[in-house]
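The values are calculated or read from the model by the stated rules, or taken from the named source; none is laboratory data. Keep in mind that this is a model prediction, so the values were computed, not measured. We place every Cβ from the backbone using ideal geometry, glycine too, and count neighbours over all the protein chains shown. The protein model used for the area step is the full one, side chains on, heavy atoms only, and it has no ligands, DNA or RNA in it. Shrake-Rupley method; radii C 1.70, N 1.55, O 1.52, S 1.80 Å.
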Amino acid sequence: MDSTNQSRGFALVGDAGYQSGMNQRPANELRPTTIEPFPAGAPGSVVITAGKTKVLCTASVQADVPRWIKKDPETGLPTHGWVTAEYSMLPGSTPDRKRRGTDGRSTEIQRLIGRALRAAVDLDKMPGLAITCDCDVLVADGGTRTAAITGAYVALGQALNWAREQGRLEGDPVVSPIAAISVGIIDGVPTLDLDYPLDVRAEVDMNVAMNGEGQFIEVQGTGEQGTFDRVQLDALLDLAQDGIKSLMAIQQQALS
């Protein structure tokens, strides 16, 4: 965070940390995060790990796009492609067994993931190609939806590369990397990348998705146990932006 935030009384690296489990990290530091290949049948497949949270992200390529996609009147072929997502928490991802099946929370999250991923590509440059990104939470310890977005972008990139190799896609439809992170206010301190123990303590909880140009795709913020003002909002968004820059470096390394 910059000197402006310091003058507002918000913590810099080394000025404040928080206790999460047995480990302490500065309030503006990501949890240890990796994105690694995972053997699967889908052309795109990775596991993203953020602290204890683990999400398996796969991307499957289909030839059939949704029926509602506009067709060329002369050729009858789809004029653009589509990217969507599904999200689920596996039964063993939480201490108490999570029931299988889609609920309201899962539906909301998979719509968020789909919107974020579509912001990464030019759908007009992938006509007739449909890609579904499945995000399955293996271990849930906070930040599963934001980790799913960040990991699914890498799986999507792998699937697009595969489609080009197979001759099913010309050019590169990616317009910008996208990633997401959670931020919140813990004991009055703006804090990055909330795990579950922090999430349940948060006075303010926010999920932020951005592209590589620093533009916002989605901001979901809630005063869980209080309210927040404009100064605090700006501090949280600055913190999220810094975290997302770090995540994008990890994504780039995974895709290279």
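Listed values, structure above:
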| quantity | calculated |
| --- | --- |
| Filter result (modelled with pLDDT of 95 or more and among the polar types (S, T, N, Q)) within the stretch 119-176 | THR132, THR144, THR146, THR150, GLN158, ASN161, SER176 |
| Lone qualifier among GLN24, GLN62 - being modelled with pLDDT under 90, under 21 Å from GLN166 (Cβ atoms) and among the polar types (S, T, N, Q) | GLN62 |
| Single residue of the stretch 52-66 satisfying the filter (in a loop (DSSP other than H, G, I, E, B) and in contact with a Lys or Arg (Cβ under 9 Å, 6 or more places away or on another chain)) that is nearest to ALA42 (Cα to Cα) | ALA63 |
| Candidates LEU169, LEU129 - the one that is open to solvent by 10 Å² or more (accessible area, probe 1.4 Å) and among the aliphatic types (A, V, I, L, M) | LEU169 |
| Residue in the stretch 180-195 that is touching a helix residue (DSSP H, G or I) at 6+ places or on another chain (Cβ under 7 Å), among the small types (Gly, Ala, Ser), surrounded by fewer than 16 Cβ atoms within 10 Å (Cβ to Cβ) and modelled with pLDDT under 95 present | no |
| Residue that is nearest to GLY128 (Cα to Cα), among those in the stretch 61-105 that are surrounded by fewer than 18 Cβ atoms within 10 Å (Cβ to Cβ) and among the small types (Gly, Ala, Ser) | ALA63 |
| Strands (runs of 3 or more DSSP E) wholly inside the stretch 162-246 that include at least 1 residues being over 16 Å from the mean Cα position of the chain (by Cα) and either in contact (Cβ under 8 Å) with a residue 40 or more places away in the chain or within 30 Å of GLY128 (Cα to Cα) (or both) | 178-186, 189-192 |
| Residue match in the stretch 113-123 (condition: open to solvent by 70 Å² or more (accessible area, probe 1.4 Å), within 30 Å of ARG25 (Cα to Cα) and in contact (Cβ under 8 Å) with a residue 24 or more places away in the chain) | no |
| Pairs where the first residue, in the stretch 60-86, is small (Gly, Ala, Ser) and the second is assigned to a strand (DSSP E or B) and at pLDDT below 75, C-beta under 8 Å, 6+ apart | none |
| Set GLY143, GLY157: member being closer than 30 Å to GLY92 by Cβ, buried (at least 24 other Cβ atoms within 10 Å of the Cβ) and out of contact with any Pro (no Cβ under 8 Å at 6 or more places or on another chain) | GLY143 |
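Yes/no matrix, rows are residues, columns are (1) part of a loop (DSSP other than H, G, I, E, B); (2) of a type outside the set (Phe, Trp, Tyr); (3) within 29 Å of ARG164 (Cα to Cα):
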| position | (1), (2), (3) |
| --- | --- |
| THR49 | no, yes, yes |
| TRP68 | yes, no, yes |
| THR84 | no, yes, yes |
| THR102 | yes, yes, no |
| ARG111 | no, yes, yes |
| ASP124 | no, yes, yes |
